[in-house]
2 protein chains.
Amino acid sequence: MPTRTIGFIGLGAMGGAMAETLIKKQYRVTGYDMRPEAVAHLEKAGGRGASSAEEAARGADMLVMMVVNADQAENVLFDKDALEALKADATVILCSTCAPDRIEAIARRVEKSGRAFVDAPVSGGVTGAKAGTLTIMAAAKNAVFKKAKPVLTAMGSNLFHLGEKPGQGAAMKVVNQLLCGVHIAVAAEGLAFAERAGIDPKLALEVLSGSAAQSWMLKNRGPRMVDYDNVVTSAVDIFVKDLALVLAAGQGAKMGLPLAAVAHQLFLSASGMGHGVEDDSQVIETYRALMKKS
Amino acid sequence: MPTRTIGFIGLGAMGGAMAETLIKKQYRVTGYDMRPEAVAHLEKAGGRGASSAEEAARGADMLVMMVVNADQAENVLFDKDALEALKADATVILCSTCAPDRIEAIARRVEKSGRAFVDAPVSGGVTGAKAGTLTIMAAAKNAVFKKAKPVLTAMGSNLFHLGEKPGQGAAMKVVNQLLCGVHIAVAAEGLAFAERAGIDPKLALEVLSGSAAQSWMLKNRGPRMVDYDNVVTSAVDIFVKDLALVLAAGQGAKMGLPLAAVAHQLFLSASGMGHGVEDDSQVIETYRALMKKS
């Protein structure tokens, strides 16, 4: 019998949209969030609200978690008893972005209880979450992945099975954020240098966007580096956090990541100047602050 | 009367192809290269061979130069008397990749002689040179640019006029190489980390190529990082040289370029391990050398 009863914990912008997508696809979702208004929102969309994590998990076949980080995931599962409330053969799907070694530790504890675990970080933003088109970077034993596949596919049409070892999904997400963060920072480095040389930055962006220097981030963030419209797609502080996670993952794996380390410092400096809540394109302000006025 | 008589100096893989493209478009090209076989090749393609730089320049309306660097350009123009051999109102078009401050100095000396100067570095490789589809990043006074435009367009259908100040074309090329070099190095950093995590690198590349982590270099060089076929599109040592030029340009402009500096060290290390003449994708060997064996 296919999974129909899903507990869902963490109903923020991403989690809420993912839970609603599951409801639209005929899953029975019981959701919990620390913020009662997020639970009320889920109820309006046709889900069932729970007043605790344990209640959301009670008797569910699967528990999907889109909490902020590994600390919250551990708190919900082990301290708030969500794990023990699940069916004895249930599956936990953790979609939060966490360090690979933390995921490994959580997986061990979940599996010790007899439940299965899927490491399943996502990318694609709220738009992808609403449309069910997220990229999901999953790692789980083959049999577990097979069982979870319909639910994963319902949330993300772009599903990858990266390996059998929990933490490999997290590692893939880390690699993804590593490239994204460095691409934004290097677009800023290049466009700031063009400014310094007195080149019209819009023209510089046009040249780069049509050449081998092109990246998705250059095309997406570049226009807001050149001409900031105060729109925030994702904040500078998100990359301060994500690149810190990348570096922690590198340390966990005993691997130096020099470009990620430099990019982290650049986002951190932008945040330190007061640009933390602005669009991440504003990492270019770090370069502008360092340019000799002429 | 439109320009018809062009002197061309530097008939290597790029320069030779550019000169032949001009010949195909009905220009009368007299070419010189230090290697007699390159001159003979131009003659076979319908050009006139010269036995010295001065002879190639003699009486020409325009002199196109695709020499190795600024030192060679100065040597040809000022020591080998190519400049004085040109018509009194001729235009010098320098297509080599040079540091912006070197271009400024060369432009000043050319203009002092009464001739005009176009700073016109190119990108697009031998393929683009043969097809006449190069990207040309030009800087010249408006009137000079207008006069040179037909010849520039003949070589590169993707022509940009970046400013009136010689050196701005060079600066744009520097920015282009900065992004290209860092994109290759960060693709290596990410794919090496995926390897370290035990993720199938081909699958990792597929995930990244379809996400916001995408770049032209990731898609082009990534497959050869994952599975090296000994094909050399551009060598590691080219980026050792180009990123050194980027850093020199930054120093000339008094601007720190931290990501370019780190990327340079990574290519330099790959070269130091003996990978200098291999494809630039092999910068990934720097990361592999630093990974803990497990």
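The values are calculated or read from the model by the stated rules, or taken from the named source; none is laboratory data. From a predicted model like this one, the values you see are computed outputs, not experimental measurements. Quick reminder, even Gly has a Cβ in these numbers, built from the backbone with ideal geometry, and neighbours come from all protein chains shown. The protein model used for the area step is the full one, side chains on, heavy atoms only, and it has no ligands, DNA or RNA in it. Shrake-Rupley method; radii C 1.70, N 1.55, O 1.52, S 1.80 Å.
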Inset, instruction - Might you let me know whether the stretch B:27-38 holds any residue that is open to solvent by 10 Å² or more (accessible area, probe 1.4 Å), without any contact (Cβ under 8 Å) to a residue 12 or more places away in the chain, in a loop (DSSP other than H, G, I, E, B) and not assigned by TED's automatic domain parsing to the domain that holds B:Thr233? - result: yes
Inset, instruction - Determine which single condition A:Phe160 fails, assuming it passes every other condition in (1) assigned to a strand (DSSP E or B); (2) open to solvent by 40 Å² or more (accessible area, probe 1.4 Å). - result: (2)
Legend entry - Count - residues of the stretch A:143-169 that are at the interface with chain B (Cβ under 10 Å from one of its Cβ atoms) and among the aliphatic types (A, V, I, L, M): 1
Legend entry - Residue check for B:Phe145: of a type in the set (Phe, Trp, Tyr), over 18 Å from the mean Cα position of the chain (by Cα) and assigned by TED's automatic domain parsing to the domain that holds B:Ala45: yes
Legend entry - Residues (open to solvent by 10 Å² or more (accessible area, probe 1.4 Å) and either without any contact (Cβ under 8 Å) to a residue 12 or more places away in the chain or under 27 Å from A:Ala192 (Cβ atoms) (or both)) located in the stretch B:259-279: B:Ala261, B:Val262, B:His264, B:Gln265, B:Leu266, B:Leu268, B:Ser269, B:Gly272, B:Gly274
Legend entry - Matching entry among B:Ala213, B:Ala253 (being at pLDDT below 95 and at the interface with another protein chain (Cβ under 7 Å from one of its Cβ atoms)): B:Ala253
Inset, instruction - Would you be able to tell me the number of residues in the stretch B:145-157 that are within 16 Å of B:Ile6 (Cβ to Cβ) and either open to solvent by less than 40 Å² (accessible area, probe 1.4 Å) or β-branched (Val, Ile, Thr) (or both)? - result: 7
Inset, instruction - Could you tell me whether any residue of the stretch A:207-230 is part of a helix (DSSP H, G or I) and among the hydroxyl-bearing types (Ser, Thr, Tyr)? - result: yes
Inset, instruction - Can you tell me which residue among A:Ala261, A:Ala244, A:Ala248, A:Ala270 is within 12 Å of another protein chain (Cβ to nearest Cβ) and either within 20 Å of A:Ile103 (Cβ to Cβ) or at pLDDT 95 or above (or both)? - result: A:Ala261
Legend entry - Failed item, numbered, when B:Val232 is tested on (1) buried (at least 20 other Cβ atoms within 10 Å of the Cβ); (2) at pLDDT below 95: (1)
Legend entry - Entirely in the stretch A:43-144, the helices (runs of 4 or more DSSP H) that have 1 or more residues that are surrounded by fewer than 24 Cβ atoms within 10 Å (Cβ to Cβ) and among the polar types (S, T, N, Q): A:70-74, A:125-131
Legend entry - Residues satisfying the stated conditions in the stretch B:164-200, i.e. free of Cβ contacts under 8 Å to residues at least 60 places away in the same chain, within 29 Å of B:Lys146 (Cα to Cα) and of a type in the set (D, E, K, R): B:Glu164
Inset, instruction - Working only within the stretch B:1-26, note down all residues that are part of a loop (DSSP other than H, G, I, E, B) and of a type in the set (Val, Ile, Thr). - result: B:Thr3
Inset, instruction - Consider B:Gln282 carefully, then state whether it is out of contact with any Pro (no Cβ under 6 Å at 6 or more places or on another chain), part of a helix (DSSP H, G or I) and open to solvent by less than 40 Å² (accessible area, probe 1.4 Å). - result: yes
Inset, instruction - Take B:Gly256 and decide whether it is among the small types (Gly, Ala, Ser), over 20 Å from the mean Cα position of the chain (by Cα), at positive phi and open to solvent by 10 Å² or more (accessible area, probe 1.4 Å). - result: no
Inset, instruction - Can you tell me which residue within the stretch B:170-206, out of those that are acidic (Asp, Glu) and part of a helix (DSSP H, G or I), is nearest to the other protein chains (Cβ to nearest Cβ)? - result: B:Glu189
